[in-house]
Amino acid sequence: MLEQIRQASSYLQHKFSAPVQTGIILGSGLGNLVSEIDVEVTIPYEEIPNFPLSTVAGHKGQLIYGTLGNQKVLAMQGRFHYYEGYDLKQVTFPVRVMKELGIKNLIISNAAGGMNENFEIGELMVIRDHINLFPESPLHGQNNPALGVRFPDMSAAYHQSWIEKAFEIANANNIKLSKGVYVGLSGPCLETPAEYKMLKILGGDAVGMSTVPEVIVAVHAGLKVFAISIITDLGVEGRIVKVTHEDVVRVAAAQEPKMTLIIKELVNSI
Ligand code: HPA
């Protein structure tokens, strides 16, 4: 895998004018953060050696290099999901490549269903911890010590001071922000009412089909992580309605400016 990571990163490296500090992964309907980036280079995933291709509507499938606030960033406009048929090593390959390119920080966004009964549709939730319900681990198999340790510590996967910073930013801008536990699972079905109930009993506040594998690999790679969900639909007993992917993308897109503001100011403070 190291060889494939290096092929991809050396293809990308010479396109960049300066080293990149922060990687950003943009979820469903959340690609507009890119309009805040002073874009220098756009690279479609299909050009990058060994990169998978994004197959989901609302996910563009390109890597953006540029300046956000005072930092060089690399943003993934569109990510890879397990349900697309990739294994979790492929899903997280871009995180490995961004690490090889020199990032120290990884910021992740996603659209998620909310199980917490205090949540409203459109609410933002900072992820403080996660529960991994994917059927495999991106670290399954022989460990390459060049990439990280065999048994990564997950006691503080989400960088505490950035969680606090996000709340400062939200308060200063009158943005309602919550904090919670994200449950990651394979999809692609949304959950049944009984499953939402189970996930809530397990300790989850929100559920989605991404993020967790990326965070595991980021922690393995020694990156600092910040992750934020937009609650696009509710898995709360009595309030569950029929949901389409278009609904998810629409709600995410409508709430995106608030998330973008938080991420932009957070990156500026790093
Ligand atoms: N479940 C799983 N993934 C999701 C959901 C959901 O309710 N909403 C957006 N992504």
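Within the shell of other residues whose beta carbon sits under 9 angstrom from the beta carbon of Leu234, the net charge comes to -2, with Lys and Arg scored +1 and Asp and Glu -1. Per-residue packing, averaged as other Cβ atoms within 10 Å, sorts the ranges 3-10, 81-88, 252-259 into the order 252-259, 81-88, 3-10, beginning with the highest. Among Lys200, Lys15, Lys224, the largest mean-square fluctuation in a Gaussian network model of the chain (Cα springs under 10 Å) belongs to Lys15.
Residues whose amide H comes within less than 5 Å of that of Val183, counting only those at least five positions distant or on another chain, are Ile131, Asp205, Ala206, Val207, Gly208 (H built at 1.01 Å from N in the peptide plane).
Which percent, to the nearest 5, of DSSP beta bridges fully inside the chain are antiparallel?
40 percent
Taking Phe151, Phe93, Phe167 as the candidate residues, the one with maximal mean-square fluctuation in a Gaussian network model of the chain, Cα springs under 10 Å, is Phe151. In this structure the amide hydrogen of Leu234, modeled in the peptide plane, comes within under 5 Å of the amide hydrogens of Gly114, Val241, none closer than 5 places in sequence on its chain. Here the label points at Ser155 and Thr244, each 7 Å from Cα along the C-beta direction, are separated by 4.8 nm in the simple model.
Solvent-accessible surface of the chain, taken per residue with a 1.4 Å probe and all protein chains present: 43 Å². Residues whose amide H comes within less than 5 Å of that of Ile108, counting only those at least five positions distant or on another chain, are Ile25, Phe226, Ala227, Ile228 (H built at 1.01 Å from N in the peptide plane). For the chain, modelled as a GNM whose springs connect Cα atoms under 10 angstrom apart, the maximal fluctuation among Asn32, Asn132, Asn143 occurs at Asn143. Shape call for region 65-143 from the C-alpha gyration tensor, a ≥ b ≥ c root eigenvalues: rounded (a/c under 1.5), prolate (a/b greater than b/c) or oblate? Judged from the Cα gyration tensor, region 65-143 comes out oblate (a/c at least 1.5, b/c at or above a/b). Shown in residue order for region 101-108 are the 3J(HN,Hα) couplings computed by the Karplus curve 6.51 cos²θ - 1.76 cosθ + 1.60 at θ = phi - 60°: 7, x, 5, 10, 10, 10, 10, 10 Hz (x for Gly and Pro).
A simple spin-label model places the labels of Ser186 and Ser17 4.5 nm from each other, with each point 7 Å out along Cα-to-Cβ. Can you compute log10 of I(q)/I(0) for the chain with the Debye formula, treating each Cα as one identical point scatterer, at q = 0.07, 0.15 Å⁻¹? Values returned for q = 0.07, 0.15 Å⁻¹ are -0.22, -1.08.
If I compute solvent accessible area with a 1.4 Å probe over the protein chains, what percent of it on region 2-269 is carbon and sulfur? Accessible surface attributable to carbon and sulfur in region 2-269 totals 51 percent.
Listed values for region 246-261 are Karplus-derived 3J(HN,Hα) couplings in whole Hz (6.51 cos²θ - 1.76 cosθ + 1.60, θ = phi - 60°), namely 5, 4, 4, 5, 5, 5, 4, 4, 5, 8, 4, x, 5, 5, 4, 4, and x replaces Gly and Pro. For region 209-214, the Karplus equation 6.51 cos²θ - 1.76 cosθ + 1.60, evaluated at θ = phi - 60°, returns couplings of 10, 9, 6, 4, x, 5 Hz by residue, with Gly and Pro reported as x. Residues Thr22, Thr192, ordered by accessible area of protein heavy atoms at a 1.4 angstrom probe radius and largest first, appear as Thr192, Thr22. Simple spin-label model, 7 Å along Cα-to-Cβ: Asn174 to Lys104 in nm? Between Asn174 and Lys104, the label points sit 3.6 nm apart.
The values are calculated or read from the model by the stated rules, or taken from the named source; none is laboratory data. Note that the coordinates shown come from a computational prediction; the quantities given were computed from them, not determined experimentally. Don't worry about glycine lacking a Cβ; one is built from the backbone with ideal geometry, like all the others, and counts go over all protein chains shown. These accessible areas exclude ligands, DNA and RNA; they are computed on the full protein's heavy atoms, side chains included. Shrake-Rupley method; radii C 1.70, N 1.55, O 1.52, S 1.80 Å.
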